[in-house]
Amino acid sequence: MTKEKKTIDPNYLEVSNLFNGSCVYQVPKYQRGYAWEATEVEEFCNDLFECLDAYENDEELEHFFGGVVCIEEKPDSPKQTHKCFSVVDGQQRISTFILFISVIRDCLLTIHNDIEDKYKNGVNTLIDTYEKKYLYYSESRNLEEIKYEKLRMSIKDEEFYHSLVYKRQLLPQKTDSHKRIQKAQKLIKSKIEHRIDKLDFIETVQVFEKIDALLSSKCHLLKITTNKNEDAYRLFQVLNDRGRALSACDLLRATSLSKFEANEYIGLQDKAAVIWDEITEDRERDVEKYFSFYYVSQAADKIKKLDLFSKFNKLFFENSNPEGIYTRLQNISEQLDTIKLLEDGEWPYEKSNLSQWHHQRAKFLVVRLKHTECIPLLLAATQLSETKFYELVRVLEKFFFRFKTVLGKRFDPVVKVYLEEIKKINKNPQTYGVQSITKELRNVLESRTTNEEFIHAVLQLEFSTKESKDATNGNRVIKYLLLQLEENYDWLRSENPSIKSRENMVDKSHVYDFPFVSIEHVYPCTPKKIDKDIDSRKHKLENLTVLARDTNSLVGNKGFQDKKVHFAASKYKLNKEIANYNTWDNNTLAERKTQIENSLVELFRI
């Protein structure tokens, strides 16, 4: 038995040659539906008519319409005379070309019905040219002509598209892709009608003859044929596909659903297809990124975008039976919902015994500190008890702020730690202890940072007036740090602050979040009277505090003595402490700077 040879065959060819001859194209049955919006279709039409303008004016202009990646399928029988290609990438482009041709055919049929008999043969010949070249492949068998449509769409669109293009009948729209197909056809029709407006029928037919000539000489595509899914996937990623390029998830969908082809699994295949629809049609999700997060959380291994299809397929689908794939898809769907929660900083435990303050730590970590690289670890950690999950989030929050947010250190060694911890959690979530990752991250800090380096970097932070208008993300590092000083005020002011005593002394009565808190300058940002001694320090950490956003507008640019009243009445302990000062000068700022400096190491110790 000879081993099948891997081939990749690239061909730069005219558009007409993509369709002409004994070949038909099939979009994989369960691939996504038609995805081009009006913008992509309009640009497609504009490119064609720009070429037509140049062609009519004898100008040299050629256009490259991008790439099409196909897998050449094995013949269904030895008697099959045509080649069948599965369209891995380029579905939107091919289907739009055929829509365009079908509109021209419809225009020609209308002309054919309205003109004198002496002209009908010429028009009929052009209709026949378009149909045989672009819409159908015909062969004779047993003295009968058998027609094959040049393009068969996926199950989602096949009936609707087939009826519209080949039967010239409009069926009720059942999906968003059906709406996009009809919208595309209407847009193409309006573009063509605008082009032939005010032309008589002979001039119109001449335009359509030129379009065929144009597609046969000046409009090109790169058709790449292979016999391996993996090669096809890698190829399409390096091609510039206008619009909504096929993703790894589209290929995973087609590959996994092909495993259900046996008759006894058709019902299960339909259920699996529904899950895929729910996963891939949620346009609020970056589905490919979510699949990467899922893979890492399961495999405890890094993954590159180019490898997502091959690695994901090999681990979860390639050697699984249909029941196993269906169960896996259910799990993927559930886990992707959890990833969405984590990405939004939401708490992943539906029935929670912890407070809103505890829940807020996840938002601080992932959203406010922008630490999305930890999502696969957090996803794996949802197998732990809620208390352990919180403890993990707390460790990551303190570590990340110090190591990455402030110091900007390379994260490679941390990723290795995360992957090892994912392995430990997946192996036995019941016995996993958060002290494991705490120890490893502590080693990273001790080997790659110093307390002095961290303190120096923090004290160099300055308020940016350019960012101040952004209530959510403006000056986020300073805002986060001030909120930590506020929440931990009692603990930091205690005689012997320790990690063990911290949890009981943190103020959990208030849930702070960035949009509802603003940074306040104690010495005003734009003072009415400038104090030259301290004006240069006005944006430094020691001159900053936090206020509720509505209170901030009341305080405005008042001087310190006027602000003291508001500080004293504030619910924030930092502000009450500031109100105890008699004056706000260089000595006061130096004292407060020292106080913050002495708090930093303990505050972010893990």
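In whole percent, what relative contact order does the chain give with Cα contacts below 8 Å and a gap of six or more residues? Walk me through the intermediate numbers first.
On the way: 749 pairs, mean separation 77.2, N = 606.
Relative contact order, the chain: 13 percent.
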TODO: Please list, or write none, the aspartates and glutamates whose alpha carbon is within less than 13 Å of the alpha carbon of residue 351, excluding same-chain residues fewer than 8 places away.
DONE: 386
Task: Residues residue 349 and residue 167, FRET efficiency given R0 of 56 Å [Cβ-Cβ distance, rounded to 0.05] - done: 0.55
Open item on the list: Under the rule a/c < 1.5 gives rounded, and otherwise a/b versus b/c splits prolate from oblate, where does region 474-516 land using the Cα gyration tensor?
Closed with: prolate
Open item on the list: Quick check: the distance between the Cα centres of region 154-220 and region 299-353, to the nearest angstrom?
Closed with: 40 Å
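Taking only the alpha-carbon atoms of the chain, what semi-axes of the equivalent ellipsoid follow from 5 times the gyration tensor eigenvalues under a square root, in whole Å, largest first? All intermediate terms of the calculation are to be shown ahead of the outcome.
Details: eigenvalues 801, 196, 75 Å².
Working from the Cα gyration tensor, I get semi-axes of 63, 31, 19 Å.
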Task: Cα-based radius of gyration of region 8-241 once divided by 2.2 N^0.38 Å, which approximates compact folds - done: 1.02
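Using a ≥ b ≥ c from the Cα gyration tensor of region 349-447 (square roots of the eigenvalues), is it rounded, prolate or oblate, where a/c under 1.5 gives rounded and otherwise the larger of a/b and b/c decides, a/b for prolate? Kindly include the intermediate steps, with their values, before the conclusion.
Details: a/c = 1.92, a/b = 1.21, b/c = 1.58.
It is oblate, given that a/c is not under 1.5 and a/b is not larger than b/c.
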TODO: Would you kindly give the portion of the calculated P(r) for region 248-344 that falls above 23 Å, as a percent of all Cα pairs?
DONE: 20 percent
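Tell me, what is the FRET efficiency for residue 199 and residue 304 to the nearest 0.05, using R0 = 51 angstrom and their Cβ-Cβ distance as r? Walk me through the numbers before you get to the answer.
Working: r = 53 Å, r/R0 = 1.05.
The value I calculate is 0.45.
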Task: All aspartates and glutamates inside 16 Å of residue 388 as judged from Cα atoms, apart from same-chain residues fewer than 8 positions distant - done: 350, 397, 421, 503
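Please work out the ratio of the alpha-carbon Rg of region 1-104 to 2.2 N^0.38 Å and round it to two decimals.
1.29
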Task: Per residue value of the accessible surface for the chain (all protein chains in place, 1.4 Å probe), Å² - done: 48 Å²
Task: Alpha-carbon spread of region 452-606, three principal axes, descending order, Å - done: 46, 30, 30
- [ ] Using the structure shown, select from 466/563; 466/528; 305/404; 289/423; 150/259; 118/179 the pairs with a Cα to Cα distance greater than 29 angstrom.
- [x] 118/179
- [ ] Using only the alpha carbon atoms of region 494-573, find the Kirkwood hydrodynamic radius as the inverse mean reciprocal pair distance, in angstroms to one decimal.
- [x] 14.6 Å
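So what is the 222 nm mean residue ellipticity for the chain from helices alone, if each DSSP H run of at least 4 adds -39500 (n - 2.57) and you divide by all residues, rounding to the nearest 500 deg cm²/dmol?
Details: 26 runs with 323 residues, N = 606.
Per the formula, -16500 deg cm²/dmol.
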Task: Karplus 3J(HN,Hα) series, Hz, for region 565-579 with 6.51 cos²θ - 1.76 cosθ + 1.60 (x for Gly, Pro) - done: 4, 5, 5, 5, 8, 5, 7, 7, 5, 4, 6, 4, 5, 4, 5
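Which order do 328, 253, 152, 32 take by accessible area at a 1.4 Å probe, largest first?
Values: 328 65, 253 10, 152 100, 32 40 Å².
These residues rank, largest area first, as 152, 328, 32, 253.
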Open item on the list: Between helix 322-343 and the chain, what is the angle of the helix's C-alpha long axis to the longest principal axis, kept within 0 to 90° and rounded to the nearest 10?
Closed with: 40 degrees
TODO: Output the antiparallel fraction of DSSP beta bridges having both residues in the chain, as a percent to the nearest 5.
DONE: 65 percent
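Once the convex hull of the C-alpha atoms of region 170-217 is built, how many Å³ does it hold per residue, rounded to a whole number? Intermediate values should be presented prior to the final figure.
On the way: hull volume 4.7 nm³, N = 48.
For region 170-217, the hull spanned by Cα atoms encloses 99 Å³ per residue.
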Open item on the list: Checking the a/c ratio against 1.5 first, then a/b against b/c, what shape does the Cα gyration tensor give for region 279-389?
Closed with: prolate
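The values are calculated or read from the model by the stated rules, or taken from the named source; none is laboratory data. Only a predicted model underlies this, so the values are computations on that prediction, with no experimental measurement involved. Counting neighbours? That spans all protein chains shown, and the Cβs are built from the backbone with ideal geometry, glycine included. Only protein heavy atoms, including side chains, enter the accessible area calculation; ligands, DNA and RNA are left aside. Shrake-Rupley method; radii C 1.70, N 1.55, O 1.52, S 1.80 Å.
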